[in-house]
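The next block holds one structure in the form of structure tokens; read it before the comments.
The values are calculated or read from the model by the stated rules, or taken from the named source; none is laboratory data. Just so it is clear, the structure is predicted and the values come from calculations on it, not from any experiment. Here the Cβ is made from the backbone with ideal geometry for all residues, glycine too, and neighbour counts use every protein chain on show.
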């Protein structure tokens, strides 16, 4: 029994060592951090808003969605997506995986309860200018850069 456990362990180690490098084995160049941040936060805010309708009430919900559209967040997302997709394939795939994961956790934070939903509506309202969005993305990117969610290239 002990021998079979060792053989199984060695087989597992060999399998891990032999597998080709994939997106999870990559790092994100600092140049792509801004694009990943823009995409993840816009996706996260959008997902949170879909969950917040009941908390915000019909009028505030509709107003917040209008502000989300008017702020140009989806244009920011699209521009960041084009830039990230232009990166080499491993970088683009790794960046995409970060976007999806961070957007999920970010949406959960922004819609965790009705108080969080009201704060999210206030956040959307505060992003009405390009300067406000740039500062927001920079602040979020600084936080993401220090998180354990990603590996930045050195």
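Which ones in the stretch 113-153 are part of a loop (DSSP other than H, G, I, E, B) and either out of contact with any helix residue (DSSP H, G or I) (no Cβ under 9 Å at 6 or more places or on another chain) or crowded, with 18+ Cβ neighbours inside 10 Å (or both)?
Residues satisfying the conditions are 127, 129, 146, 148, 150.
Every listed requirement among (1) closer than 14 Å to residue 98 by Cβ; (2) modelled with pLDDT of 95 or more is met by residue 52 save one, (1). Can you confirm whether residue 56 is part of a helix (DSSP H, G or I) and under 22 Å from residue 117 (Cβ atoms)? It is true that residue 56 is part of a helix (DSSP H, G or I) and under 22 Å from residue 117 (Cβ atoms). Checked against the criterion of being more than 19 Å from residue 144 (Cα to Cα) and buried (at least 20 other Cβ atoms within 10 Å of the Cβ), the candidates 65, 73, 49 yield just one match: 49.
Residue under question is residue 65, and the condition is that it be without any contact (Cβ under 8 Å) to a residue 24 or more places away in the chain, over 13 Å from the mean Cα position of the chain (by Cα) and under 14 Å from residue 123 (Cβ atoms); does it hold? So residue 65 fits the description; yes.
With respect to residue 104, determine if the residue is in a helix (DSSP H, G or I) and in contact (Cβ under 8 Å) with a residue 12 or more places away in the chain. When the stated conditions are applied, residue 104 passes them.
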